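The values are calculated or read from the model by the stated rules, or taken from the named source; none is laboratory data. These numbers come from a predicted model, not from an experiment. Cβ atoms come from the backbone with ideal geometry, glycine included; neighbour counts cover every protein chain shown. For accessibility, only protein heavy atoms count, side chains too; no ligands or nucleic acids. Shrake-Rupley method; radii C 1.70, N 1.55, O 1.52, S 1.80 Å.
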Amino acid sequence: MSLLAEDTAVADLGLRWKLGFPTLGPAFLTELRPTPLPDPYWVGHSEAAARMLGLPADWRQSDSTLSALTGNLPVAGTQPFATVYSGHQFGVWAGQLGDGRAIMLGETEGGLEVQLKGAGRTPYSRGADGRAVLRSSIREFLCSEAMHGLGIPTTRALCVTGSDARVYREVPETAAVVTRVAPSFIRFGHFEHFAANQRDAELRALADYVIDRHYPACRTTGRFNGNAYAAFLEAVSERTAALLAQWQAVGFCHGVMNTDNMSILGLTIDYGPFQFLDGFDPRHICNHSDASGRYAFNQQPNVAYWNLFCLAQALLPLIGDQEIAVAALESYKTVFPSEFEGRMRAKLGLADAAEGDRALIEGVLKLLVAEKVDYTIFWRRLSQHMADGNAEPVGDLFLDRAGFDAWLLSFSQRHAQAPRSDAADSMFKSNPKYVLRNHLGQQAIEAASQKDFSAVATLLALLETPFEEHPGADAYAGFPPDWATTIEISCSS
Ligand code: AMP
Ligand code: MG
């Protein structure tokens, strides 16, 4: 192939693109090209994400797609770019950050942004290499699709491609690229960036852009005397509250809830040292770099509120009145507890609310924490108990059997009026059998680093439909092995 032909070669993914974020103007982004990686290979892919994007059925057949999604070949119709944002990291203002290794290809006509994470340096890399390692890319890919399978709002992942190119972290590793998909990757930090730099015109343009596309009702609701920016803050607070309720109910610990890792759409975003709880320990810290436990599991709802407060401060020049801004945040304090209670009620198979439900929820969580009972297994066994009436498997999880039996009695009494089979059905749909436990991810990563990608695919298939039984896959739904507690996941990725 001649040099000229190579230079003009493009991959056609079969998608139609439109100009989205770049319409905001050059203050918000830098156009650039991904940096190629040698000899890419497929590591994992999600057909569900491909369908959502509208890719043709044979999308993976062409080498040019593999190249393009590794950043080695331009995608027809796109003009890639990286965006600028700032943020608070671990409670401290960190100044300018930005897409240091994520490069946006563009937005499809269907309104989905497609981004390559790990595709090379950008003006926002701050001295880092712009790469992502295979292990963290597999974790992000699997967890994105797992969260979607659980019904939890999240950015999606189309695929992971790998390369044997070396990437240096604590030890030498290899590079990978995750193709992420979301209606928007805008973070709280994007707003903080323009507010901190007193660039009110850009701040307003960004808010208008997000409101018009994602929160149009804020323009017409009568809330806050027609102050659309206050209504926007309230809507973001509510979505964030609903998201946190889902995290807490399923036992998900994000690990790095910095304001630059908070989605303006209330999506789970930026999977780093996350963890699904094994034994129920509310004080669990999943990020090895988080010595103080700022992002411990039970801190998450408060941290989200703290982050929303940062967003409120950033939006203050637009809202124009501190009291209104504070009022717009208020809804978090009612939406989070009511959403959380609703989610927990669903886990208990309760279709409606009744007095005493909160005590029932608090009672069971107290029992779980006292003995660090495996969170996912407990709820699944309780669901099974509702279906077959056998209390043994769930009771066996407790040393304090009397304590559990007492709780189970009040639980059964609460269910006395409604058919148990209905409750069991809904419990099976609220209590997953499969979650992406650290050790499962670890096993898939170890196989993948030996070029065996079958475990990634197997795990994905279970996690896409985590509420189903999947006969023969019980090994993926069991207790974690002893070595699981020795896995250390830090911010290094
Ligand atoms: P995180 O908390 O991991 O989402 O990342 C915080 C900031 O560091 C973001 O601006 C990232 O884009 C940037 N970053 C993280 N790792 C890298 C890397 N290897 N190269 C360039 N930028 C990075
Ligand atoms: Mg981030």
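If I ask for residues that are open to solvent by 10 Å² or more (accessible area, probe 1.4 Å), under 21 Å from residue 274 (Cβ atoms) and part of a strand (DSSP E or B), which ones from the range 134-189 would you list?
Within the range 134-189, 154, 156, 173 qualify.
Only one residue in 208, 260 is in a helix (DSSP H, G or I) and within 16 Å of ligand 1 (Cβ to nearest atom). Which one?
Testing whether each residue is in a helix (DSSP H, G or I) and within 16 Å of ligand 1 (Cβ to nearest atom) leaves just 260.
Report yes if residue 201 is without any contact (Cβ under 8 Å) to a residue 24 or more places away in the chain, closer than 26 Å to residue 306 by Cα and in a helix (DSSP H, G or I), otherwise no.
Here the answer is yes, as residue 201 does meet what is asked.
Of all residues being farther than 19 Å from residue 136 by Cα and over 11 Å from the mean Cα position of the chain (by Cα) in the range 256-273, which is farthest from ligand 2 (Cβ to nearest atom)? Just the residue, please.
265
For every residue, the table says whether it meets (1) outside the structural domain of residue 265 (by TED's automatic domain parsing); (2) more than 19 Å from residue 25 (Cα to Cα); (3) hydroxyl-bearing (Ser, Thr, Tyr).
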| site | (1), (2), (3) |
| --- | --- |
| 156 | yes, yes, no |
| 162 | yes, yes, no |
| 170 | yes, yes, no |
| 174 | yes, yes, yes |
| 198 | no, no, no |
| 220 | no, yes, yes |
| 224 | no, yes, no |
| 229 | no, yes, yes |
| 238 | no, yes, no |
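Yes or no: the range 4-21 includes at least one residue that is open to solvent by 40 Å² or more (accessible area, probe 1.4 Å), at pLDDT 95 or above, assigned to a helix (DSSP H, G or I) and of a type outside the set (S, T, N, Q).
no
Which ones in the range 407-448 are open to solvent by 10 Å² or more (accessible area, probe 1.4 Å) and among the charged types (D, E, K, R)?
Across the range 407-448, the qualifying residues are 414, 420, 422, 425, 429, 433, 446.
Table: residues versus (1) within 16 Å of ligand 1 (Cβ to nearest atom); (2) surrounded by fewer than 24 Cβ atoms within 10 Å (Cβ to Cβ); (3) small (Gly, Ala, Ser).
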{"residue": "191", "(1), (2), (3)": "yes, no, no"}
{"residue": "212", "(1), (2), (3)": "no, yes, no"}
{"residue": "216", "(1), (2), (3)": "no, yes, no"}
{"residue": "220", "(1), (2), (3)": "no, yes, no"}
{"residue": "230", "(1), (2), (3)": "no, no, yes"}
{"residue": "236", "(1), (2), (3)": "no, no, no"}
{"residue": "245", "(1), (2), (3)": "no, yes, yes"}
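Are any residues in the range 97-133 within 9 Å of ligand 1 (Cβ to nearest atom), at negative phi and either open to solvent by 10 Å² or more (accessible area, probe 1.4 Å) or not in a strand (DSSP E or B) (or both), and if so, which ones?
Within the range 97-133, 97, 99, 100, 101, 117, 121, 122, 124, 125, 128, 129, 131 meet the criteria.
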